[in-house]
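K.L.:
A single structure is presented below for examination.
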Amino acid sequence: MEVKKLSVANFRNLLPSEVEFCSGMNVIYGDNAQGKTNIIEAIWLFTGAKSFRGAKDQEMVAFGMESAQLGLNFVSGGVEREAVINIAKRRSAELDGKKLKAASYLAGNFCATVFSPEDISTVKEGPALRRRFLDLAIGQLYPAYVELIKSYSRAVSQRNILLKNMEGRLSPNEMLDIFEGEIARDGRKITEYRIDYCKKVTENAAGIYRDLSSLREELEVVYIPSCRPEELEERLYKARNTDIYSCSTSVGPHRDDMDFKINGISARTFGSQGQQRSVALAMKLAEARTLKEITGEQPVAILDDVMSELDPDRQAFILNHIKDWQVFITCCDPTNVKPLKEGKVFTVVGGKIKE
């Protein structure tokens with residue numbers, strides 16, 4: 001997988017630009033708030049996923065403009081391809097001149113893995129970050145999973161609305177039965193995807209973490225469902241009495257979690273900060289390795305201002321693992337990537353990209 005060229009227009013603070021990248025290291029540096037992260041965010045959107053920064057579509061359109069346009073020329077499987085994204089109230093996309101049903105249908109065509117400061121917190125903070133990690137990783141492998149998540153989320157939202165409208169009184173409701181059936185159907189499939197992915201990624205993460213810990217520690221990734229998948233519909237029915245007062249759905253994949261165990265002990269609860277950082281790095285590198293094993297394509301590596309947060313040993317470990325990939329790194333100080341001397345360096349000042 002290789003990005004050849006990116007074009008942007010009306011995207012965040014970036015001035016209209018067309019940038020050509022090299023097949024190795026692409027360093028993008030500048031002071032804070034100049035637009036360097038906006039470049040890699042634009043590249044990431046071509047995975048079909050939402051912004052890794054959690055931004056809504058409209059927030060990515062330049063102030064005062066109605067829409068933004070992005071274009072990406074990339075190589076996949078030895079074939080040159082071209083994708084276009086238009087961002088207005090929602091995103092739309094084209095691939096090789098053909099309009100897609102939705103921008104999420106880009107999933108599986110262009111693959112990337114992104115390291116961001118938020119990923120370092122995946123291990124120690126709330127379960128929402130861990131579910132997001134799983135959904136982004138699985139969505140790149142299986143485009144159908146993206147649509148499955150959308151369908152599931154709609155059913156949960158509709159159930160929550162019905163619960164709110166009951167005003168504290170539980171009464172027979174055929175619509176609740178319908179939405180709970182949809183939640184159970186989609187939820188079972190989502191859980192199956194996640195458990196299967198955790199098994200695959202554990203194999204890779206365990207080896208990487210073993211190297212990071214100098215062979216002293218073993219890592220295991222454990223998926224923790226809120227209930228047994230086959231019991232989900234029954235549990236939803238039984239939870240109505242309590243859910244009606246919170247106006248929320250208390251069981252299902254949107255309440256699931258996963259844990260990272262080091263030598264059998266939870267890294268989230270008992271791990272040191274160094275162990276937690278190592279787990280996060282191992283998981284991101286394992287995500288990329290798993291992507292390559294399943295798709296046959298080495299994903300593009302995107303590192304958003306994480307090098308400065310890592311000690312020299314972990315910096316060197318990352319750079320050693322991605323030295324044969326196409327890499328995009330944002331930083332305020334390009335000396336953070338000195339170990340890799342070949343490549344291109346771009347500066348960003350006030351939204352203007354200069355090589």
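K.L.:
When the C-alpha atoms of region 284-327 are aligned to their principal axes, what extent does each axis show, in angstrom, from largest down?
P.N.:
Per principal axis, max minus min of the Cα coordinates gives 32, 17, 16 Å.
K.L.:
For region 190-269, what log10 I(q)/I(0) values come out of the Debye formula at q = 0.10, 0.17, 0.22 1/Å, with one point per alpha carbon and no solvent?
P.N.:
Once normalised to I(0) and log-transformed, intensities are -0.35, -0.74, -0.97.
K.L.:
Have a look at CYS111, CYS331, CYS227 and tell me which one the Gaussian network model of the chain (Cα, springs below 10 Å) gives the largest fluctuation.
P.N.:
Its mean-square fluctuation being the largest, the pick is CYS227.
K.L.:
Rounded, prolate or oblate for region 119-296? Axes are the square roots of the Cα gyration tensor eigenvalues, ordered a ≥ b ≥ c, and the cut-off for rounded is a/c under 1.5.
P.N.:
Numbers: a/c = 2.95, a/b = 1.98, b/c = 1.49.
Taking the square roots of the gyration eigenvalues as a ≥ b ≥ c, region 119-296 is prolate.
K.L.:
May I ask for the net charge around ILE208, where only other residues with Cβ less than 11 Å from the Cβ of ILE208 are counted and Lys, Arg are +1 while Asp, Glu are -1? Show your work: numbers first, answer last.
P.N.:
Working: positive: ARG210, LYS284, ARG289; negative: GLU203, ASP211, GLU287.
Computed value for this residue: 0.
K.L.:
Hey, what angle do you get for helix 143-165 against the long axis of the chain, alpha-carbon based, 0 to 90 degrees rounded to 10?
P.N.:
In the chain, helix 143-165 runs at an angle near 40 degrees to the longest axis.
K.L.:
Based on the Cβ-Cβ distance of LYS352 and ASN320, what FRET efficiency does E = 1/(1 + (r/R0)^6) give at R0 = 35 Å, to the nearest 0.05?
P.N.:
Numbers: r = 33 Å, r/R0 = 0.95.
Given R0 = 35 Å and the Cβ-Cβ separation, E is 0.60.
K.L.:
Volume per residue, Å³, of the convex hull around the alpha-carbon atoms of the chain?
P.N.:
Numbers: hull volume 51.5 nm³, N = 355.
It is 145 Å³ per residue.
K.L.:
Further, regarding this structure: In region 26-114, which GluC sites (Glu not before Pro) fall in coil by DSSP and have 14 or fewer other Cβ atoms within 10 Å? Walk me through the numbers before you get to the answer.
P.N.:
On the way: sites: GLU41, GLU59, GLU66, GLU80, GLU82, GLU94; in loops: GLU66.
Sparse-neighbourhood loop GluC sites (Glu not before Pro): GLU66.
K.L.:
Just to be sure I follow the rule: in region 274-355, considering lysines 8 or more places apart or on different chains, how many pairs have Cα atoms under 13 Å apart? Walk me through the numbers on the way to the answer.
P.N.:
Values: LYS284/LYS292; LYS323/LYS338; LYS323/LYS341; LYS344/LYS354.
Going through region 274-355 pair by pair, I get 4.
K.L.:
Assuming a ≥ b ≥ c are the square roots of the Cα gyration tensor eigenvalues, decide whether region 5-111 counts as rounded (a/c under 1.5), prolate (otherwise, with a/b larger than b/c) or oblate. Provide the component values of the computation, followed by the final result.
P.N.:
Working: a/c = 1.73, a/b = 1.11, b/c = 1.55.
Note, shape of region 5-111 comes out oblate.
K.L.:
What Kirkwood hydrodynamic radius, in Å, does region 1-57 give when the mean of 1/r is taken over all pairs of distinct Cα atoms and then inverted? Write down the numbers at each step before the final one.
P.N.:
Details: mean 1/r = 0.0809 Å⁻¹.
Value: 12.4 Å, from the Cα pair sum.
K.L.:
Here is a further query. Once the Cα atoms of helix 312-321 and of the chain are each reduced to a long axis, what angle between those two axes, in degrees from 0 to 90 to the nearest 10, is obtained?
P.N.:
90 degrees
K.L.:
By the scheme Lys and Arg +1, Asp and Glu -1, what is the net charge of all other residues having a beta-carbon under 14 Å from that of ARG53? List each step's numbers first, then the result.
P.N.:
Details: positive: ARG12, LYS36, LYS50, LYS56, ARG132; negative: GLU41, ASP57, GLU59, GLU118, ASP119, ASP304, ASP305.
Once all neighbours under 14 Å are counted, the net charge is -2.
K.L.:
May I ask you to order 132-139, 254-261, 310-317, 175-182 by the average number of other C-beta atoms within 10 Å around their residues, highest value first? Don't skip to the answer; put the middle values down first.
P.N.:
Values: 132-139: 21.4, 254-261: 19.4, 310-317: 14.2, 175-182: 17.5.
Per-residue mean Cβ counts within 10 Å order the peptides as 132-139, 254-261, 175-182, 310-317.
K.L.:
Also: What distance in nm separates the two pseudo spin-label positions at GLU220 and SER246, each 7 Å out from Cα along the beta-carbon direction?
P.N.:
Reported label-point gap for GLU220 and SER246 is 2.8 nm.
K.L.:
For the chain, modelled as a Gaussian network with Cα springs under 10 Å, which listed residue fluctuates most, GLY252, GLY24, GLY343?
P.N.:
Ranking GLY252, GLY24, GLY343 by mean-square fluctuation puts GLY343 first.
K.L.:
Then there's this: For region 252-320, rounded, prolate or oblate, judged on the Cα gyration tensor with a ≥ b ≥ c (square roots of eigenvalues), a/c < 1.5 rounded, else prolate if a/b > b/c? Mind dumping the intermediate values first?
P.N.:
Values: a/c = 1.96, a/b = 1.12, b/c = 1.76.
Oblate is the answer for region 252-320, as a/c is 1.5 or above yet b/c matches or exceeds a/b.
K.L.:
Using the alpha-carbon atoms, what tilt in degrees (0 to 90, nearest 10) does helix 273-295 show relative to the longest principal axis of the chain?
P.N.:
Helix 273-295 sits at roughly 90 degrees to that axis.
Quick note: the coordinates plus some simple rules give every number you see, no bench work behind them. None of these values were measured; they are calculated from a predicted model. Note that we place each Cβ from the backbone using ideal geometry, even for glycine, and neighbour counts take in every protein chain shown.
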